[in-house]
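First the structure, in the form of structure tokens, and then the observations on it.
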Amino acid sequence: MTESVTTTASTSAGTGKPFLELKNLQVHFPTDDGLVKAVNGLSFTLERGKTLGIVGESGSGKSVSSLAIMGLHKGSRAKVGGEIWLDGAELVGMSVPEIRRLRGQQVAMIFQDPLSAMHPFYRVGDQLVEAYRVHNEVPKSVARKRAIDLLDRVGIPSPDKRFFDYPHQFSGGMRQRAMIAMALMCDPQLLIADEPTTALDVTVQAQILDLMMDLQKEFNSAIVIITHDLGVVAQMAQDVVVMYGGRVVEAGPVREIFYRPEMPYTWGLLGSIPRVNRGGDHRLKSIRGTPPSLINLPKGCPFQPRCDYQQHVEGHSCTGEVPDLLQIGTEDHRVRCHIETGQRKKLFTEQIKPNL
Amino acid sequence: MGRYLIRRLLQTVVILWVISAITFFLFWITPANPALLICGKNCNTETIATVNATFGFDDPLIVQYGTYMKGLVSPTGRDIGSEGSERNCAWPCFGESYQNGIPVWDSISDAFPATFWLAIGAATIWLFFGVMLGLLAALRKGKALDKLSVGLALFGVSFPTIVFGYLLLFLFIVKLKWIPFPDTANAALFEVGPVKWLQFYILPWITLALVFAALYTRLTRANMIDTMNEDYIRTARAKGLGEGTVIFKHGLRSALTPIVTIFGLDLGGLLGGAVITEQIFSITGLGKFAIDSVLGNDLPAIMGVVLFAAIFIVLANVVVDVLYAVIDPRVRLS
Amino acid sequence: MSTSTAAEQVIRAGQGEALLEVKGLQRYFPVTRGIVFQRQVGAVKAVDGIDLSIHTGETLGVVGESGCGKTTTGRLVTRLDEPTGGSITFEGEDLTHLSRAKMRPFRREIQMIFQDPFSSLNPRQTIGTIIAAPFQIQKVDSEGGTKKAVQALMERVGLNPEHYNRYPHEFSGGQRQRIGVARALALRPKLIVCDEPVSALDVSIQAQIVNLLEDLQDEFNLAYLFIAHDLSVIRHISDRVAVMYLGKVVEVADRDELYNHARHPYTHALLSAVPEADPDALAHRERIRLTGDVPSPLNPPSGCRFRTRCWKAQDICAEQEPPLVQIGAPGHQAACHFPEERDVI
Ligand SMILES: Nc1ncnc2c1ncn2[C@@H]1O[C@H](COP(=O)(O)OP(=O)(O)OP(=O)(O)O)[C@@H](O)[C@H]1O
Ligand SMILES: Nc1ncnc2c1ncn2[C@@H]1O[C@H](COP(=O)(O)OP(=O)(O)O)[C@@H](O)[C@H]1O
Ligand code: SF4
Ligand code: SF4
Ligand SMILES: [Mg+2]
Ligand SMILES: [Mg+2]
């Protein structure tokens, strides 16, 4: 199964290969209850200077995939399969010492809860300095200067003083800024942000998202932003991957996903969110049922137990065969559903769109 | 920090005072008649009266309490004995033993070094082995080494100290004769030299350390496993830090924090006497002194030992709190 | 959500027939130092003089950033916490300082649903027991036995009645929130305080619970005090909306009036900060970016509390606290010396 979503931008300089490419990534965890199939064949590509949004319900495998890119499953019980190509190097098969050199340097990560993601016993500044000095053999004073510069850059007031604070002395927004500064210490080309604003208030979230976009322009880095908030994706990403049950169920440019979605789960997702810019006298289109168990994934389409559109399928069995992720149209829009494209388009315009 | 320290020390004084008051008044609820104990075999009403006068047993309770406290607080101690035969009991005065008339404080300060060396040596051993085994077990969770150390810990916790101590004594001293029978009851390092000193203490150390080492193994293992699952450990790895740095700088420091607390309290408790171990190896430390005093109904001695032990426990509490504040900035700054 | 128009509500509001009326409500949490001799060194002004009213069958949404006092307000209204000032009137009765015993009949009428569906249910009780608890506490006998009543409730909130004897950990987040709803519904209350009932849930599950709450409202003519930080959810479910900032209500209006014609600068900032799930609309939107964080409620700014982050602040804002006054449409109130004149977006 080779399925991929390619950003429309040109590939990275000369090599002809995309900057980041995941091919059929699988992550499984053996547990006492059985094998947890957290990620089952995730593929996408991403270019420098672009942002990819990954959306999906909790437990759909978003965080697990991002940890796989960082190589953070190595040394745990997790079984990782498939390929991850970053700037010409394959990461899944890489040894721990090799990938450790990339961590922080080429790929950096921002986590959801900045309070628990920083060590409570060390000064914020020292944690930044540490991130720099792992990869750069420089005296402390140089690293400290860089840390203060970056704290300033991410908007921490009087950074030379706040350098000496401990994480608990920062507010939630400041902590997340400090986390971003820490991630940027070594100028990584790829930034993975796992729910970077979920723990923050809207006004602070807006500040952090702006900051990330500004920094991206400045450093031309690639960003993978993982979230369950479709608004954040709409604001940040050029491309979107919708995950369900550890699989990509739909992927494509952001406007395709928001204005011409074709997968019933994406329809459900878009229908179930209330909109801040619209009056609210309509009923929300909730998706019935609950997300699947990753130990006993449904046999056919992962969304099948909750899908209301199975009667439109012809010539396939939703319960028997996993649909392939197939490209539709000219743009890089890919959908995993047994319903015929024409029929899906018709369903969307006639039944879904009027209610969104 | 300075103000915090002063506040804590003041609190300590209050707590010690409360403990001393409680011990003193408990002392008076005990049915034994102290005068009878002191005058011994040839008692008659007259001698009892003299004894009562000498020790002030006729005075109202509150006056006696005042006298007792004076001995503890006044820099010159207090006088003991009836008029004419007064003798000074120097500070800190816990009174004189009913059994042999020696000032209790003298006996305590004689007995303390043995207990001190016993506790310090054992603590070093159990801290080292407990933390090391616990750490290895946590890092090899589920593997053979983990199971071995968990098994050892279970063995250590469930093996009664008294059985273990006598077993060691029998095996190494009596049977194998690797260690000569201890000839000094209280080996001072300067008098006997390091070899004899070690020979004297090694078995008691192991005996005392066993249970603690087992408990600390379990504790370190559990803490370390929890800590290594923390988000900030994942962050440390994501920065590209080596596994050694991740484990020792980021992991172990957090995992050991609660252990510092427990270690302080355990050590503080032991400095007041390790009863069973001292008994087994006939070490004339505070534990043994306490037993002898209790068996002999020697109330001033019992009170002295209880108060002395309480001082260590209370001080250990302060030290632990201060250490905690030093280690954890969240405590320090709030 | 009731289907009444804004005009009807204004009329109702004018008649003063409020189910719940809150006036000048205050909750200060004392901050003390010292162990033996405690002295008060300050107070966290979690809720500092707010007025609210809710009518039968109506939903009042309360939004604001974390720490602004939403949960505290909810706990005060249900009398889970004791106000330090102000009054709470329910159906004409003053509840403000009622004793536990006198409060009991009102506990039937006012219920609460909590944010965290994981910690708000006792893990050692079966869900049958949990939902039946209100019956027992209030010593209510229902015909056909408690079990029947509980199972009927479970069915109503979308739980399988056969799961009567299961424990909370066997349920998903959404199902647990349904259990919470059933428990709150048991005694047929008139008012339910919902404290972030959907924040911990996935969007698809969120929609299920929001729909359930709306259906129940229509069926039982419930009033909701609906607390959330998500402006989209609030817009969807509320009839009227109150915006809180640092323990104060800064603006209150009918839903559409508030979202379309907000007048308080903070409301503007909030609305423009929400990322809409609509890439094209986002591109054309006004962007107001507040700087800094919400100040500490221990030491709130003088005058208008928003002035440290407000782009319109003048000297008077530091000196005088702006009162909550009528502005624009009937029922629209805002507390600002220089209210915005244009609309958001
Ligand atoms: N028991 C308490 N003692 C002291 N301060 C408290 C207490 N409870 C709440 N506070 C403070 O009161 C303020 C309001 O708290 P509250 O929980 O009502 O906020 P909230 O609006 O519900 O926020 P969130 O969106 O984070 O739930 C906060 O600053 C909080 O720290
Ligand atoms: N270490 C682990 N052991 C077993 N299961 C795990 C582990 N980490 C994650 N999982 C499971 O993998 C699935 C995907 O998790 P995750 O990627 O964190 O979801 P999300 O999409 O919310 O980020 C979940 O069901 C989760 O419980
Ligand atoms: S494949 Fe079948 S079950 Fe899956 S989304 Fe399409 S119609 Fe629904
Ligand atoms: S009163 Fe002044 S500071 Fe407060 S919101 Fe209005 S303009 Fe801003
Ligand atoms: Mg996640
Ligand atoms: Mg709250």
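Site-free segments of chain B were taken between GluC sites (Glu not before Pro) in DSSP loops having at most 13 other Cβ atoms within 10 Å, sites themselves excluded; the longest one is B:87-334. Over all other residues within a Cβ to Cβ distance under 15 Å of C:ALA46, the charged ones net out to +1, with Lys and Arg as +1 and Asp and Glu as -1. A straight chain from C:LEU98 to C:GLU155 at 0.36 nm per residue would run longer than the Cα-Cα distance by 17.0 nm.
Summing charges over all other residues whose Cβ lies under 14 Å from the Cβ of A:GLN304, with Lys and Arg as +1 and Asp and Glu as -1, gives +3. Each label was represented as a point 7 Å from its Cα along the Cα-to-Cβ direction; for A:GLU331 and B:ILE6 these points are 7.1 nm apart. Peptide B:239-251 is shielded by partner chain Cβ atoms: per residue, an average of 5 of them sit within 10 Å of its Cβ.
Per-residue shielding of B:164-176, expressed as the average number of other chain Cβ atoms within 10 Å of the residue Cβ, stands at 0.
For chain A, modelled as a GNM whose springs connect Cα atoms under 10 angstrom apart, the maximal fluctuation among A:MET236, A:MET212, A:MET94 occurs at A:MET94.
For segment C:238-342, the carbon plus sulfur part of the accessible surface works out to 50%, probe radius 1.4 Å. Measuring between their Cα centroids, segment C:44-80 and segment B:52-127 lie 64 Å from each other.
When peptides B:317-324, C:70-77 are ranked by their average number of other Cβ atoms within 10 Å per residue, the highest-first order is C:70-77, B:317-324. Pairing chain A with chain C buries about 3700 Å² of accessible area. This figure sums both sides and uses a 1.4 Å probe. Computed about the Cα centre, the dipole magnitude for segment A:97-148 is approximately 220 debye when only Lys and Arg (+1) and Asp and Glu (-1) carry charge, each at its Cβ. For chain B, a Kirkwood hydrodynamic radius built from all Cα pairs, placed in the Stokes-Einstein relation at 37 °C and 0.692 mPa s, yields a translational diffusion coefficient of 143 µm²/s.
Note on B:LEU145 and A:THR31: the model spin-label points, each 7 Å out from Cα along the C-beta direction, lie 2.8 nm apart. For chain A, the solvent-accessible area with a 1.4 angstrom probe is 38 square angstrom per residue. When the charge dipole of the protein assembly as shown is built from unit charges on Cβ atoms (+1 for Lys and Arg, -1 for Asp and Glu) and taken about the Cα centre, the candidate among C:VAL77, A:SER65, A:VAL80 whose Cα reaches farthest toward its positive end is A:VAL80. Per residue, segment B:227-291 exposes an accessible area of 32 Å² to a 1.4 Å probe, with every protein chain left in place. For segment A:256-330, the alpha carbon positions stretch 41, 34, 22 Å along the principal axes, listed from largest to smallest. Here each label is just a point 7 Å from Cα along the line to Cβ, and for C:GLN40 and C:ALA318 those points are 2.8 nm apart.
Comparing B:GLY151, B:GLY244, B:GLY134 in a Gaussian network model of chain B (Cα springs below 10 Å), the most mobile by mean-square fluctuation is B:GLY244. In a simple Cβ point-charge model (Lys, Arg +1; Asp, Glu -1; nothing else charged), the protein assembly as shown has a dipole of about 1440 debye relative to its Cα centre. With respect to the cross-link table entries C:LYS45/C:LYS248; A:LYS62/A:LYS217; C:LYS23/C:LYS248, which display a Cα-Cα separation exceeding 19 Å? Violating the 19 Å limit, Cα to Cα: A:LYS62/A:LYS217.
In segment A:262-276, burial by the other protein chains removes 10 Å² or more of accessible area from A:LEU269, A:SER272, A:ILE273, A:PRO274, A:ARG275, A:VAL276, compared with the chain on its own (1.4 Å probe, ligands and nucleic acids ignored).
Note on the protein assembly as shown: dipole from Cβ charges, positive end direction compared against A:PRO354, B:MET224, B:PHE170; the farthest Cα belongs to B:PHE170.
Roughly how far apart, in whole Å, are the Cα centres of segment B:279-315 and segment C:88-156? For segment B:279-315 versus segment C:88-156, the Cα centre distance is 58 Å. Ignoring ligands, DNA and RNA, what percent of the accessible area of segment C:75-138 is carbon or sulfur (1.4 Å)? Reported share for carbon and sulfur atoms: 50 percent. Peptide A:251-259 is shielded by partner chain Cβ atoms: per residue, an average of 2 of them sit within 10 Å of its Cβ. Considering helices alone, the calculated mean residue ellipticity of the protein assembly as shown at 222 nm is -13500 deg cm²/dmol, with DSSP H runs of length four and up weighted by -39500 (n - 2.57) and normalised per residue.
Here chain A exposes an accessible surface that is 49 percent carbon and sulfur, computed with a 1.4 Å probe and the other protein chains kept in place. For B:VAL246, neighbours were defined as the other residues whose beta-carbon sits under 12 Å from its Cβ, and their charges (Lys and Arg +1, Asp and Glu -1) total +4.
For the options C:GLU251, C:GLU219, C:GLU82, a Gaussian network treatment of chain C with springs between C-alpha atoms closer than 10 Å singles out C:GLU219 as fluctuating the most. Distance from the C-alpha centroid of segment A:303-322 to that of segment B:132-166: 55 Å, rounded to the whole angstrom. Candidates B:GLN279, C:LEU191, C:ILE288 compared by Cα position along the dipole of the protein assembly as shown: farthest toward the positive end lies B:GLN279, with charges placed on Cβ.
Along each principal axis, taking the top coordinate minus the bottom one, the Cα set of the protein assembly as shown gives 115, 74, 67 Å in descending order. Amide H to amide H distances under 5 Å link C:GLY49 with C:LEU25, C:GLN26, C:ARG27, where only residues 5 or more positions off or on other chains count and H is placed in the peptide plane. Take B:SER282: with every protein chain present and a 1.4 Å probe, its accessible area is about 60 Å². Placing +1 on the Cβ of every Lys and Arg and -1 on the Cβ of every Asp and Glu, with no other charges, gives segment A:133-292 a dipole of roughly 220 debye about its Cα centre.
Chain A contacts chain B over a buried accessible area of about 2300 Å², both sides summed; the probe is 1.4 Å and only protein chains count. For segment C:232-281, heavy-atom accessible area (probe 1.4 Å) falls by no less than 40 Å² from the chain alone to the full protein assembly at C:SER232, C:ARG235, C:HIS236, C:ALA273, C:PRO275, C:GLU276, C:ALA277, C:ASP278, C:PRO279, C:ASP280.
A 1.4 Å probe run over the protein chains yields, for segment B:105-210, 56 Å² of accessible area per residue, whole-number rounding.
A simple rule links phi to the HN-Hα coupling: the Karplus curve 6.51 cos²θ - 1.76 cosθ + 1.60 with θ = phi - 60°, which for segment B:281-289 gives 9, 6, 8, 7, x, 5, x, 5, 4 Hz, with x for Gly and Pro.
Residues of segment A:185-231 buried by at least 10 Å² of accessible area upon assembly of all protein chains, compared with the chain on its own (1.4 Å probe): A:ASP201, A:VAL202, A:THR203, A:VAL204, A:GLN205, A:ALA206, A:GLN207, A:ASP210, A:HIS228, A:GLY231.
The values are calculated or read from the model by the stated rules, or taken from the named source; none is laboratory data. Since this is a predicted model, take the numbers as computed values, not measurements. All Cβ positions, glycine included, derive from the backbone under ideal geometry; neighbour counts span all protein chains shown. Heads up: the accessible areas ignore ligands, DNA and RNA and are worked out on the full protein's heavy atoms, side chains in. Shrake-Rupley method; radii C 1.70, N 1.55, O 1.52, S 1.80 Å.
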